[in-house]
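First the structure, which I've put down as structure tokens, then a few questions once you've had a look.
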Amino acid sequence: MQRRYSLAHFIFAVVVVLGLTLLMVCVDVQAQIAFVSHRDGNAEIYVMDNDGGNQRRLTNNPQYDGSPSWSPDGKRIAFTSERNGNQEIYVMDADGGNQLNLTNNPKHDWSPSWAPDGKRIAFVSLRDGGFGPEIYVMDADGGNEQRLTKNLSDDQHPSWSPDGKRLAFSSNRDGNYEIYVMDADGGNQQRLTKSIKNDLSPSWSPDGERVAFSSDRQGDFENFNIYVMDADGGNLRKLTKNPVDGRSPSWSPGGERIAFVSERLGNREIYVMDTDGGNLRRLTNNRHDDTNSAWLNSAFSVSPAGKKFIMWGWLKEVNR
């Protein structure tokens, strides 16, 4: 009887694990890329499928809308807008509906980054006079705003680690822009890169082991390429090799591809490549600029480094 009971539990566990696997695959297939385009006269938020198909506009405003960031469940998008006279953080449903203003400050707020737990949004603000742009965090409803950095130089481009414990960002506090990392409460700020040029726009891989970023370390300020390094700053590798722009890297949910922006064909378009720089493909093809690519990274698409699904532990317990 005990053997039958254990066998039944084992079969049930296998079915559930297979279901979770299918769910993860489906999430990856259905994941979307948000981006900014000027194709309709000014900067608006658009979204498209992973292969560049089904491109559609979400915002329709005479002022700038940009810097999209997906909520982890894929139901909402945070973004920056100038529709009320200065840059503020807004949020909308994934279909463009229910657009709401989250910040309300006479100084600019921009560059939102949604935390993996869905409860917080990091952003950049000029609200503290006498300082440069600083990184802040707030609840997902706009409440409980807190400053994380305090520096006379620029601190920008926040990107959450997949476990939500740290934020990567770029800062020129040491003379030129470098990639830094800090704890989610602003503590333990450390520099990861060291270059005489500029390193910008860090993007954490879904497994938490790598950080992609853009850099002009082998050219002038107009010649950026995409690089990747380990999360501790080691093992630096150059992924793109083009004399023109390569900016705004964003990882696919499974961590196998990176979307980015390039001006290699005369105007800025969204491209995607494998994480070794191979298999380059263009996703957008428009005579106006397409920028600020942001891939939906669902919490179900990959398990963060050092984590395992609870179901796996339960399965081992059943088979003891």
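The values are calculated or read from the model by the stated rules, or taken from the named source; none is laboratory data. Computed from a predicted structure; not experimentally measured. No Cβ is skipped: glycine too gets one built from the backbone with ideal geometry, and neighbour counts run over all protein chains shown. SASA here: full protein model, heavy atoms, side chains in, ligands and nucleic acids out. Shrake-Rupley method; radii C 1.70, N 1.55, O 1.52, S 1.80 Å.
Quick check: pseudo-label points 7 Å beyond the Cα along Cα→Cβ at K119 and K241, how many nm apart are they?
Reported label-point gap for K119 and K241 is 4.6 nm.
Rounded to the nearest 20 debye, what is the charge dipole size of the range 182-263 about its Cα centre when +1 sits on each Lys and Arg Cβ and -1 on each Asp and Glu Cβ? Write down the numbers at each step before the final one.
On the way: 10 positive and 13 negative charges, 59 e Å.
Dipole size: approximately 280 debye.
Would you please classify the overall shape of the range 33-190 from the alpha carbon gyration tensor, given that a ≥ b ≥ c denote the square roots of the eigenvalues, rounded means a/c under 1.5, and beyond that prolate means a/b larger than b/c while oblate covers the rest?
On the way: a/c = 1.72, a/b = 1.48, b/c = 1.16.
Verdict is prolate for the range 33-190.
I would also like to ask the following. Among G96, H157, I45, whose Cα lies farthest out toward the positive end of the dipole of the range 40-172, if unit charges sit on the beta carbon of Lys, Arg (+1) and Asp, Glu (-1)?
H157
Evaluate the distance, in nm, between pseudo-label points positioned 7 Å from the Cα of L152 and of N286 along their respective Cα→Cβ axes.
A separation of 4.2 nm, rounded to one decimal place.
Separate question: Of the listed peptides 60-67, 247-254, what is their order by residue-averaged count of other C-beta atoms within 10 Å, with the highest listed first?
Values: 60-67: 17.5, 247-254: 23.5.
The most tightly packed comes first, giving 247-254, 60-67.
Taking a 29 Å limit on the Cα-Cα distance, which of the listed pairs K75/K165; K119/K150; K119/K238; K150/K197; K165/K241; K150/K241 fall beyond it? Write out the running numbers ahead of the final one.
Numbers: K75/K165 23 Å; K119/K150 23 Å; K119/K238 34 Å; K150/K197 23 Å; K165/K241 33 Å; K150/K241 35 Å.
Among K75/K165; K119/K150; K119/K238; K150/K197; K165/K241; K150/K241, the Cα-Cα distance tops 29 Å for K119/K238; K165/K241; K150/K241.
How big is the gap, in Å, between the Cα center of the range 62-91 and the Cα center of the range 128-206?
19 Å
Leaving out ligands, DNA and RNA, what percent of the accessible area of the range 42-141 is carbon and sulfur, probe 1.4 Å?
Values: 1650 of 3960 Å².
Carbon with sulfur: 42 percent of the solvent-accessible area.
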